[in-house]
1. Please state which one of R452, R460 is assigned to a loop (DSSP other than H, G, I, E, B), charged (D, E, K, R) and buried (at least 16 other Cβ atoms within 10 Å of the Cβ).
2. Would you mind stating whether W358 is of a type in the set (F, W, Y) and under 18 Å from the mean Cα position of the chain (by Cα)?
3. Give me the residue from segment 201-240 that is surrounded by fewer than 16 Cβ atoms within 10 Å (Cβ to Cβ) and of a type in the set (K, R) and, out of that set, farthest from T269 (Cα to Cα).
4. For the structure I just gave you, tell me whether S90 is under 30 Å from S310 (Cα atoms) and of a type in the set (S, T, Y).
5. What are the pairs with Cβ atoms under 7 angstrom where one residue, in segment 338-351, is open to solvent by 20 Å² or more (accessible area, probe 1.4 Å) and the other, located anywhere, is hydrophobic (A, V, I, L, M, F, W, C) and in a helix (DSSP H, G or I)? Sequence gap at least six, or different chains.
6. All but one of (1) closer than 28 Å to H237 by Cβ; (2) surrounded by fewer than 24 Cβ atoms within 10 Å (Cβ to Cβ); (3) in contact with a Ser or Thr (Cβ under 6 Å, 6 or more places away or on another chain) hold for D316; which doesn't?
7. Name the pairs: first residue in segment 72-88 and surrounded by 17 or more Cβ atoms within 10 Å (Cβ to Cβ), second residue among the hydroxyl-bearing types (S, T, Y) and in a strand (DSSP E or B), Cβ to Cβ under 8 Å, at least 6 apart or on different chains?
8. On the given criteria, is V379 hydrophobic (A, V, I, L, M, F, W, C), in contact with a strand residue (DSSP E or B) (Cβ under 8 Å, 6 or more places away or on another chain) and under 15 Å from V107 (Cα atoms)?
Amino acid sequence: MGRWLILLGLATSALVVSQRPKAVAGPGAAHTGIEKIRHVIVVMQENRSFDSYFGTYPGADGIPRRNGHFTVCVPDAFRHVCGRPYHDRSNRNQGGPHEYLDTVRDVSGGKMNGFIREARRGLKKGCKAFPKSQLCSKRRPPDVMGYHDAREIPNYWAYAHHFVLQDHMFEPNSSASLATHLFMVSEWSARCRRKGDPMSCVNALENPLAPPHTKQNPTGRRPDYAWTDLTYLMHRHHVSWRYYVFTGTQPDCTEDEMICGSVPQSARTPGIWNPLPWFDTVHQDRQLADVTTMRHFFRDARMGALPEVSWLIPSDPVSDHPPSKLTKGQAYVTSVINAVMRSPDWKSSAIFLAWDDWGGFYDHVVPPAVDHNGYGLRVPALVISPYARRGYIDHQVLSFDAYAKFIEDDFLGGRRLDPATDGRPDPRPDVRENEAVLGDLALDFAFAQKPRPPLLLPLRPPFR
(Lines give C-alpha, C1' and ligand atoms only; values in the text may rest on other atoms or scores of the structure.)
Protein backbone atom coordinates (compact mmCIF):
# COMPACT_ATOMS: atom_id res chain seq x y z
CA MET A 1 0.00 0.00 0.00
CA GLY A 2 2.69 2.47 0.97
CA ARG A 3 4.61 2.26 -2.31
CA TRP A 4 1.90 3.68 -4.51
CA LEU A 5 1.11 6.49 -2.06
CA ILE A 6 4.66 7.75 -2.54
CA LEU A 7 3.65 8.57 -6.10
CA LEU A 8 1.66 11.52 -4.80
CA GLY A 9 4.88 13.42 -4.35
CA LEU A 10 6.78 12.36 -7.46
CA ALA A 11 6.94 13.06 -11.20
CA THR A 12 8.10 15.17 -14.06
CA SER A 13 6.04 16.43 -16.95
CA ALA A 14 5.88 19.36 -19.31
CA LEU A 15 2.90 21.58 -19.91
CA VAL A 16 1.31 20.72 -23.24
CA VAL A 17 -0.28 23.68 -24.98
CA SER A 18 -3.04 22.66 -27.37
CA GLN A 19 -5.56 24.34 -29.54
CA ARG A 20 -9.27 23.52 -29.66
CA PRO A 21 -10.63 23.09 -33.20
CA LYS A 22 -13.42 25.24 -34.49
CA ALA A 23 -16.80 23.67 -33.89
CA VAL A 24 -18.59 21.99 -36.77
CA ALA A 25 -22.14 20.78 -37.03
CA GLY A 26 -22.41 17.44 -35.26
CA PRO A 27 -24.21 15.47 -32.55
CA GLY A 28 -22.61 17.48 -29.74
CA ALA A 29 -22.87 20.95 -31.23
CA ALA A 30 -26.10 21.75 -29.35
CA HIS A 31 -24.74 21.02 -25.85
CA THR A 32 -24.49 24.53 -24.53
CA GLY A 33 -21.75 24.73 -21.92
CA ILE A 34 -19.89 21.53 -22.77
CA GLU A 35 -16.85 23.66 -23.60
CA LYS A 36 -16.51 24.36 -19.86
CA ILE A 37 -15.00 20.88 -19.58
CA ARG A 38 -11.35 21.30 -20.58
CA HIS A 39 -10.07 18.08 -19.01
CA VAL A 40 -11.62 14.61 -19.34
CA ILE A 41 -10.06 12.00 -17.04
CA VAL A 42 -11.08 8.37 -17.62
CA VAL A 43 -10.27 6.26 -14.54
CA MET A 44 -10.59 2.60 -15.51
CA GLN A 45 -10.66 0.00 -12.74
CA GLU A 46 -11.17 -3.74 -13.02
CA ASN A 47 -13.72 -6.49 -12.85
CA ARG A 48 -16.89 -5.59 -10.97
CA SER A 49 -20.53 -5.78 -12.00
CA PHE A 50 -22.99 -3.03 -11.23
CA ASP A 51 -24.98 -5.25 -8.85
CA SER A 52 -21.83 -6.26 -6.97
CA TYR A 53 -21.08 -2.61 -6.06
CA PHE A 54 -24.35 -0.70 -6.33
CA GLY A 55 -27.01 -3.42 -6.38
CA THR A 56 -28.62 -2.03 -3.21
CA TYR A 57 -28.04 1.69 -3.90
CA PRO A 58 -31.34 3.57 -3.31
CA GLY A 59 -33.11 4.48 -6.54
CA ALA A 60 -30.78 2.53 -8.83
CA ASP A 61 -31.81 -0.40 -11.02
CA GLY A 62 -30.44 -2.85 -8.50
CA ILE A 63 -30.87 -6.46 -7.46
CA PRO A 64 -34.54 -7.46 -7.87
CA ARG A 65 -36.45 -7.83 -4.65
CA ARG A 66 -40.01 -8.09 -3.40
CA ASN A 67 -41.23 -7.31 0.12
CA GLY A 68 -37.68 -6.72 1.24
CA HIS A 69 -36.33 -10.06 -0.04
CA PHE A 70 -34.25 -10.76 -3.11
CA THR A 71 -36.15 -12.66 -5.78
CA VAL A 72 -33.03 -13.86 -7.59
CA CYS A 73 -32.46 -17.60 -7.96
CA VAL A 74 -29.22 -18.66 -9.68
CA PRO A 75 -28.88 -22.45 -9.87
CA ASP A 76 -26.06 -23.91 -7.80
CA ALA A 77 -25.77 -27.54 -8.89
CA PHE A 78 -22.86 -28.13 -6.50
CA ARG A 79 -25.16 -27.50 -3.53
CA HIS A 80 -28.47 -28.39 -5.24
CA VAL A 81 -30.03 -25.08 -4.18
CA CYS A 82 -30.76 -21.58 -5.42
CA GLY A 83 -27.84 -19.23 -5.07
CA ARG A 84 -29.07 -15.86 -3.83
CA PRO A 85 -27.38 -12.47 -3.43
CA TYR A 86 -25.88 -11.81 -0.02
CA HIS A 87 -24.00 -8.99 1.68
CA ASP A 88 -20.30 -9.75 1.34
CA ARG A 89 -18.19 -8.25 4.13
CA SER A 90 -14.90 -9.55 2.71
CA ASN A 91 -12.08 -7.26 1.69
CA ARG A 92 -11.00 -9.75 -0.97
CA ASN A 93 -13.03 -11.53 -3.61
CA GLN A 94 -12.40 -14.28 -6.13
CA GLY A 95 -14.97 -13.45 -8.79
CA GLY A 96 -15.36 -15.64 -11.85
CA PRO A 97 -14.06 -16.07 -15.40
CA HIS A 98 -14.85 -13.29 -17.85
CA GLU A 99 -14.09 -14.23 -21.44
CA TYR A 100 -16.57 -14.22 -24.33
CA LEU A 101 -17.84 -17.71 -23.59
CA ASP A 102 -18.42 -16.72 -19.96
CA THR A 103 -20.47 -13.74 -21.10
CA VAL A 104 -22.67 -16.05 -23.17
CA ARG A 105 -23.03 -18.57 -20.35
CA ASP A 106 -23.63 -15.98 -17.61
CA VAL A 107 -26.34 -14.27 -19.67
CA SER A 108 -27.78 -17.70 -20.51
CA GLY A 109 -30.17 -16.58 -23.21
CA GLY A 110 -31.44 -13.70 -21.09
CA LYS A 111 -32.07 -15.71 -17.93
CA MET A 112 -28.97 -14.19 -16.25
CA ASN A 113 -28.44 -17.35 -14.23
CA GLY A 114 -25.10 -18.83 -15.30
CA PHE A 115 -22.83 -17.01 -12.85
CA ILE A 116 -22.37 -19.74 -10.23
CA ARG A 117 -21.87 -22.48 -12.80
CA GLU A 118 -19.21 -20.40 -14.59
CA ALA A 119 -17.47 -19.44 -11.34
CA ARG A 120 -17.11 -23.08 -10.34
CA ARG A 121 -15.99 -24.08 -13.84
CA GLY A 122 -13.49 -21.24 -14.16
CA LEU A 123 -11.83 -21.97 -10.85
CA LYS A 124 -12.16 -25.76 -10.84
CA LYS A 125 -8.44 -26.02 -10.19
CA GLY A 126 -8.69 -23.38 -7.52
CA CYS A 127 -9.81 -25.76 -4.81
CA LYS A 128 -6.31 -27.21 -4.76
CA ALA A 129 -4.72 -23.79 -4.57
CA PHE A 130 -7.34 -22.42 -2.16
CA PRO A 131 -8.73 -25.43 -0.24
CA LYS A 132 -10.63 -23.22 2.19
CA SER A 133 -12.10 -21.11 -0.60
CA GLN A 134 -15.78 -20.27 -0.57
CA LEU A 135 -15.73 -21.58 -4.13
CA CYS A 136 -15.41 -25.09 -2.73
CA SER A 137 -17.82 -24.60 0.15
CA LYS A 138 -21.10 -26.48 0.28
CA ARG A 139 -22.52 -24.01 2.78
CA ARG A 140 -22.46 -20.82 0.71
CA PRO A 141 -22.43 -19.89 -2.99
CA PRO A 142 -19.29 -18.54 -4.68
CA ASP A 143 -18.72 -14.85 -3.99
CA VAL A 144 -19.93 -13.90 -7.47
CA MET A 145 -23.33 -13.68 -5.74
CA GLY A 146 -22.04 -11.30 -3.07
CA TYR A 147 -22.62 -7.56 -3.08
CA HIS A 148 -20.89 -4.69 -1.30
CA ASP A 149 -22.33 -1.43 -0.08
CA ALA A 150 -21.30 1.71 1.81
CA ARG A 151 -19.93 -0.42 4.65
CA GLU A 152 -17.10 -1.76 2.44
CA ILE A 153 -16.84 0.90 -0.29
CA PRO A 154 -17.99 4.13 1.40
CA ASN A 155 -16.08 6.46 -0.92
CA TYR A 156 -17.61 5.02 -4.08
CA TRP A 157 -21.05 5.40 -2.54
CA ALA A 158 -20.21 8.94 -1.42
CA TYR A 159 -19.28 9.87 -5.01
CA ALA A 160 -22.61 8.42 -6.16
CA HIS A 161 -24.46 10.43 -3.51
CA HIS A 162 -22.77 13.73 -4.35
CA PHE A 163 -22.32 13.37 -8.11
CA VAL A 164 -23.71 11.05 -10.82
CA LEU A 165 -24.19 7.28 -10.74
CA GLN A 166 -24.85 5.56 -14.09
CA ASP A 167 -26.88 2.38 -13.64
CA HIS A 168 -26.96 1.22 -17.27
CA MET A 169 -23.31 1.41 -18.25
CA PHE A 170 -22.27 -1.67 -20.20
CA GLU A 171 -18.88 -3.01 -21.20
CA PRO A 172 -18.64 -2.05 -24.90
CA ASN A 173 -17.82 -5.60 -25.98
CA SER A 174 -18.88 -9.04 -24.80
CA SER A 175 -15.32 -10.19 -24.21
CA ALA A 176 -12.35 -9.61 -21.91
CA SER A 177 -9.89 -6.85 -21.06
CA LEU A 178 -7.82 -6.63 -24.27
CA ALA A 179 -10.85 -6.01 -26.47
CA THR A 180 -12.29 -3.64 -23.86
CA HIS A 181 -9.17 -1.47 -23.75
CA LEU A 182 -8.97 -1.46 -27.54
CA PHE A 183 -12.57 -0.25 -27.68
CA MET A 184 -11.78 2.36 -25.04
CA VAL A 185 -9.15 4.05 -27.23
CA SER A 186 -10.34 3.17 -30.73
CA GLU A 187 -13.99 2.01 -30.72
CA TRP A 188 -12.99 -1.31 -32.27
CA SER A 189 -11.10 -4.56 -31.70
CA ALA A 190 -9.49 -6.05 -34.79
CA ARG A 191 -6.70 -8.19 -36.17
CA CYS A 192 -4.65 -6.84 -39.07
CA ARG A 193 -3.17 -8.96 -41.86
CA ARG A 194 -0.64 -6.42 -43.11
CA LYS A 195 1.48 -4.08 -41.06
CA GLY A 196 0.50 -0.45 -41.46
CA ASP A 197 -2.58 -1.18 -43.58
CA PRO A 198 -5.87 -0.23 -41.87
CA MET A 199 -7.92 -1.86 -44.64
CA SER A 200 -6.30 -5.22 -43.87
CA CYS A 201 -7.91 -5.30 -40.40
CA VAL A 202 -10.82 -7.61 -39.65
CA ASN A 203 -13.15 -7.69 -36.68
CA ALA A 204 -11.72 -9.66 -33.76
CA LEU A 205 -13.85 -9.68 -30.65
CA GLU A 206 -12.01 -12.55 -29.01
CA ASN A 207 -8.62 -12.74 -30.68
CA PRO A 208 -7.01 -9.44 -31.54
CA LEU A 209 -3.33 -10.27 -31.62
CA ALA A 210 -2.31 -10.72 -28.00
CA PRO A 211 1.02 -9.74 -26.41
CA PRO A 212 4.03 -11.78 -27.60
CA HIS A 213 4.98 -15.09 -25.96
CA THR A 214 1.49 -15.83 -24.64
CA LYS A 215 -0.73 -18.83 -25.33
CA GLN A 216 -2.72 -16.77 -27.82
CA ASN A 217 0.45 -15.45 -29.48
CA PRO A 218 3.24 -18.01 -28.93
CA THR A 219 5.27 -16.85 -31.97
CA GLY A 220 6.53 -13.70 -30.27
CA ARG A 221 5.13 -11.55 -33.08
CA ARG A 222 4.52 -7.98 -31.91
CA PRO A 223 0.92 -6.86 -32.40
CA ASP A 224 0.35 -4.19 -35.03
CA TYR A 225 -2.88 -2.29 -34.52
CA ALA A 226 -3.23 -0.56 -37.86
CA TRP A 227 -6.81 0.70 -37.62
CA THR A 228 -7.65 4.25 -36.60
CA ASP A 229 -7.81 5.22 -32.94
CA LEU A 230 -8.95 8.29 -31.06
CA THR A 231 -5.42 9.67 -30.61
CA TYR A 232 -5.20 10.07 -34.39
CA LEU A 233 -8.17 12.45 -34.41
CA MET A 234 -6.93 14.29 -31.34
CA HIS A 235 -3.44 14.78 -32.77
CA ARG A 236 -4.89 15.96 -36.07
CA HIS A 237 -6.92 18.61 -34.27
CA HIS A 238 -4.33 19.61 -31.66
CA VAL A 239 -6.04 18.00 -28.66
CA SER A 240 -3.56 16.89 -25.97
CA TRP A 241 -3.77 13.46 -24.37
CA ARG A 242 -1.86 11.14 -22.06
CA TYR A 243 -2.26 7.51 -21.13
CA TYR A 244 -1.02 7.11 -17.56
CA VAL A 245 0.08 3.59 -16.56
CA PHE A 246 0.67 2.53 -12.95
CA THR A 247 4.07 0.84 -12.73
CA GLY A 248 3.85 -2.56 -11.05
CA THR A 249 2.13 -5.73 -12.20
CA GLN A 250 -0.68 -6.31 -14.68
CA PRO A 251 -4.17 -6.49 -13.18
CA ASP A 252 -5.11 -9.87 -14.66
CA CYS A 253 -3.86 -12.98 -16.42
CA THR A 254 -2.87 -12.64 -20.06
CA GLU A 255 -4.21 -16.11 -20.81
CA ASP A 256 -7.72 -17.54 -20.60
CA GLU A 257 -7.34 -18.51 -16.96
CA MET A 258 -8.19 -17.19 -13.52
CA ILE A 259 -4.96 -17.96 -11.63
CA CYS A 260 -1.50 -17.02 -12.90
CA GLY A 261 1.79 -15.47 -11.89
CA SER A 262 2.52 -11.74 -11.86
CA VAL A 263 3.49 -9.98 -15.08
CA PRO A 264 5.41 -6.68 -14.90
CA GLN A 265 3.67 -3.55 -16.16
CA SER A 266 4.92 -0.07 -16.97
CA ALA A 267 4.44 2.68 -19.52
CA ARG A 268 7.26 1.06 -21.51
CA THR A 269 5.70 -2.42 -21.60
CA PRO A 270 2.85 -2.58 -24.13
CA GLY A 271 0.18 -5.10 -23.28
CA ILE A 272 -3.49 -5.77 -22.68
CA TRP A 273 -3.87 -2.75 -20.41
CA ASN A 274 -1.40 -0.62 -22.35
CA PRO A 275 -2.23 -1.16 -26.06
CA LEU A 276 -1.53 2.30 -27.49
CA PRO A 277 2.21 1.68 -28.14
CA TRP A 278 1.13 -0.98 -30.66
CA PHE A 279 -1.06 1.45 -32.64
CA ASP A 280 0.53 2.67 -35.88
CA THR A 281 -0.92 6.15 -35.43
CA VAL A 282 0.84 6.69 -32.10
CA HIS A 283 4.19 5.99 -33.77
CA GLN A 284 3.42 7.96 -36.91
CA ASP A 285 2.36 10.98 -34.85
CA ARG A 286 5.42 10.61 -32.62
CA GLN A 287 3.31 10.49 -29.48
CA LEU A 288 4.76 7.42 -27.80
CA ALA A 289 5.98 9.65 -24.95
CA ASP A 290 2.34 10.46 -24.14
CA VAL A 291 2.06 6.93 -22.75
CA THR A 292 3.63 7.65 -19.39
CA THR A 293 3.63 6.80 -15.70
CA MET A 294 1.15 7.57 -12.95
CA ARG A 295 3.74 9.67 -11.14
CA HIS A 296 3.51 12.09 -14.05
CA PHE A 297 -0.25 12.26 -13.54
CA PHE A 298 0.05 13.42 -9.95
CA ARG A 299 2.53 16.11 -10.89
CA ASP A 300 0.47 17.22 -13.90
CA ALA A 301 -2.57 17.56 -11.63
CA ARG A 302 -0.63 19.47 -8.99
CA MET A 303 0.80 21.88 -11.58
CA GLY A 304 -2.51 22.45 -13.35
CA ALA A 305 -0.97 20.84 -16.44
CA LEU A 306 -3.39 17.99 -17.13
CA PRO A 307 -3.91 17.26 -20.84
CA GLU A 308 -7.34 17.59 -22.35
CA VAL A 309 -7.86 13.81 -22.33
CA SER A 310 -6.36 11.35 -19.84
CA TRP A 311 -6.72 7.61 -19.37
CA LEU A 312 -5.59 6.15 -16.03
CA ILE A 313 -4.65 2.46 -15.80
CA PRO A 314 -4.00 0.77 -12.41
CA SER A 315 -1.59 -1.97 -11.43
CA ASP A 316 -2.85 -5.18 -9.90
CA PRO A 317 -2.79 -4.33 -6.15
CA VAL A 318 -4.92 -1.18 -6.63
CA SER A 319 -7.12 -2.32 -9.50
CA ASP A 320 -10.16 -3.75 -7.63
CA HIS A 321 -9.47 -6.93 -9.61
CA PRO A 322 -9.94 -10.04 -7.46
CA PRO A 323 -8.19 -11.03 -5.29
CA SER A 324 -6.79 -7.52 -4.70
CA LYS A 325 -8.22 -5.75 -1.66
CA LEU A 326 -11.20 -3.43 -2.02
CA THR A 327 -9.57 -1.02 0.40
CA LYS A 328 -6.45 -0.65 -1.74
CA GLY A 329 -8.40 -0.07 -4.94
CA GLN A 330 -10.66 2.48 -3.30
CA ALA A 331 -7.67 4.27 -1.74
CA TYR A 332 -5.96 4.55 -5.13
CA VAL A 333 -9.10 5.88 -6.84
CA THR A 334 -9.64 8.34 -4.01
CA SER A 335 -6.04 9.56 -4.29
CA VAL A 336 -6.55 10.17 -8.01
CA ILE A 337 -9.82 12.02 -7.53
CA ASN A 338 -8.43 14.06 -4.63
CA ALA A 339 -5.45 15.01 -6.83
CA VAL A 340 -7.80 16.35 -9.51
CA MET A 341 -9.94 18.12 -6.93
CA ARG A 342 -6.89 19.83 -5.42
CA SER A 343 -5.64 20.77 -8.88
CA PRO A 344 -6.10 24.18 -10.52
CA ASP A 345 -7.74 22.09 -13.28
CA TRP A 346 -10.61 20.87 -11.06
CA LYS A 347 -12.90 23.74 -12.05
CA SER A 348 -12.85 22.57 -15.69
CA SER A 349 -12.61 18.77 -15.27
CA ALA A 350 -14.85 15.75 -15.70
CA ILE A 351 -13.80 12.42 -14.18
CA PHE A 352 -15.36 9.30 -15.70
CA LEU A 353 -14.85 6.38 -13.31
CA ALA A 354 -15.72 2.85 -14.44
CA TRP A 355 -14.73 -0.83 -14.18
CA ASP A 356 -13.62 -2.51 -17.39
CA ASP A 357 -15.74 -5.68 -17.17
CA TRP A 358 -18.04 -7.55 -14.82
CA GLY A 359 -15.39 -9.98 -13.52
CA GLY A 360 -17.83 -12.87 -13.38
CA PHE A 361 -19.95 -11.18 -10.66
CA TYR A 362 -23.73 -11.43 -10.77
CA ASP A 363 -25.77 -8.80 -12.56
CA HIS A 364 -29.46 -9.01 -13.36
CA VAL A 365 -29.72 -6.76 -16.45
CA VAL A 366 -29.61 -8.36 -19.90
CA PRO A 367 -27.08 -6.48 -22.07
CA PRO A 368 -28.53 -4.74 -25.16
CA ALA A 369 -27.54 -6.29 -28.49
CA VAL A 370 -25.88 -3.52 -30.51
CA ASP A 371 -23.85 -5.47 -33.05
CA HIS A 372 -21.94 -8.76 -33.06
CA ASN A 373 -19.35 -7.21 -30.70
CA GLY A 374 -21.56 -6.23 -27.77
CA TYR A 375 -22.62 -4.84 -25.49
CA GLY A 376 -21.14 -6.83 -22.63
CA LEU A 377 -22.43 -7.01 -19.07
CA ARG A 378 -23.23 -4.01 -16.89
CA VAL A 379 -20.48 -2.34 -14.85
CA PRO A 380 -20.39 0.42 -12.20
CA ALA A 381 -19.77 3.93 -13.52
CA LEU A 382 -19.76 7.47 -12.09
CA VAL A 383 -19.32 11.03 -13.33
CA ILE A 384 -17.49 13.39 -10.96
CA SER A 385 -17.18 17.05 -11.89
CA PRO A 386 -17.89 20.55 -10.53
CA TYR A 387 -20.64 20.63 -13.16
CA ALA A 388 -22.04 17.14 -12.50
CA ARG A 389 -25.64 16.95 -11.34
CA ARG A 390 -25.92 16.36 -7.61
CA GLY A 391 -27.06 12.90 -6.47
CA TYR A 392 -28.31 12.09 -9.95
CA ILE A 393 -28.88 8.54 -11.23
CA ASP A 394 -28.49 8.33 -14.98
CA HIS A 395 -30.70 5.57 -16.40
CA GLN A 396 -29.56 6.02 -20.01
CA VAL A 397 -28.11 3.04 -21.86
CA LEU A 398 -24.37 3.72 -22.02
CA SER A 399 -21.09 2.02 -22.84
CA PHE A 400 -17.51 3.26 -22.93
CA ASP A 401 -18.39 4.43 -26.45
CA ALA A 402 -20.08 7.33 -24.64
CA TYR A 403 -16.66 8.48 -23.39
CA ALA A 404 -15.35 8.74 -26.94
CA LYS A 405 -18.56 10.47 -27.98
CA PHE A 406 -18.22 13.06 -25.21
CA ILE A 407 -14.56 13.69 -26.06
CA GLU A 408 -15.44 14.13 -29.72
CA ASP A 409 -18.34 16.45 -28.94
CA ASP A 410 -16.31 18.52 -26.51
CA PHE A 411 -12.91 18.78 -28.20
CA LEU A 412 -13.51 17.78 -31.83
CA GLY A 413 -16.73 19.60 -32.69
CA GLY A 414 -18.65 16.33 -33.07
CA ARG A 415 -16.20 14.64 -35.44
CA ARG A 416 -16.32 10.85 -35.17
CA LEU A 417 -14.06 7.88 -35.69
CA ASP A 418 -15.93 7.30 -38.93
CA PRO A 419 -14.16 5.73 -41.93
CA ALA A 420 -16.24 7.91 -44.22
CA THR A 421 -15.11 11.19 -42.70
CA ASP A 422 -12.02 10.83 -40.49
CA GLY A 423 -9.46 10.77 -43.29
CA ARG A 424 -8.06 7.34 -42.41
CA PRO A 425 -10.55 4.64 -43.52
CA ASP A 426 -10.71 1.19 -41.96
CA PRO A 427 -13.33 -1.57 -42.33
CA ARG A 428 -14.89 -1.28 -38.86
CA PRO A 429 -18.48 -2.61 -38.90
CA ASP A 430 -20.15 0.54 -37.55
CA VAL A 431 -19.63 3.92 -35.92
CA ARG A 432 -20.26 3.04 -32.31
CA GLU A 433 -20.63 6.65 -31.11
CA ASN A 434 -23.67 7.05 -33.40
CA GLU A 435 -25.60 3.97 -32.24
CA ALA A 436 -29.21 4.98 -31.59
CA VAL A 437 -29.32 3.16 -28.24
CA LEU A 438 -26.28 5.01 -26.85
CA GLY A 439 -27.06 7.79 -24.37
CA ASP A 440 -25.37 11.15 -24.07
CA LEU A 441 -23.04 11.91 -21.14
CA ALA A 442 -23.64 15.64 -21.55
CA LEU A 443 -27.00 15.08 -19.86
CA ASP A 444 -25.17 14.22 -16.63
CA PHE A 445 -24.00 17.82 -16.34
CA ALA A 446 -25.68 21.06 -15.31
CA PHE A 447 -23.37 23.46 -17.11
CA ALA A 448 -25.36 26.49 -15.97
CA GLN A 449 -24.82 25.74 -12.29
CA LYS A 450 -22.15 27.38 -10.18
CA PRO A 451 -19.11 25.04 -10.16
CA ARG A 452 -19.23 22.84 -7.09
CA PRO A 453 -16.35 22.68 -4.60
CA PRO A 454 -14.19 19.57 -4.21
CA LEU A 455 -15.30 16.61 -2.12
CA LEU A 456 -12.03 15.47 -0.57
CA LEU A 457 -12.37 12.03 1.03
CA PRO A 458 -10.02 10.04 3.29
CA LEU A 459 -7.92 7.39 1.59
CA ARG A 460 -8.68 4.86 4.29
CA PRO A 461 -12.22 5.29 5.57
CA PRO A 462 -13.50 2.75 8.11
CA PHE A 463 -14.11 -0.73 6.71
CA ARG A 464 -17.11 -1.92 8.63
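1. Being assigned to a loop (DSSP other than H, G, I, E, B), charged (D, E, K, R) and buried (at least 16 other Cβ atoms within 10 Å of the Cβ) holds for just one of R452, R460, which is R452.
2. Yes.
3. K215
4. no
5. So the pair list comes out empty.
6. Answer for D316: the failing condition is (1).
7. P85/Y147; D88/Y147
8. yes
The values are calculated or read from the model by the stated rules, or taken from the named source; none is laboratory data. Bear in mind that the values here come from a model prediction, so they are computed numbers and not experimental data. Positions of Cβ are generated from backbone atoms using ideal geometry, with glycine treated the same way; all protein chains shown enter the neighbour counts. Heavy atoms of the whole protein, side chains included, go into the accessibility calculation; ligands, DNA and RNA do not. Shrake-Rupley method; radii C 1.70, N 1.55, O 1.52, S 1.80 Å.
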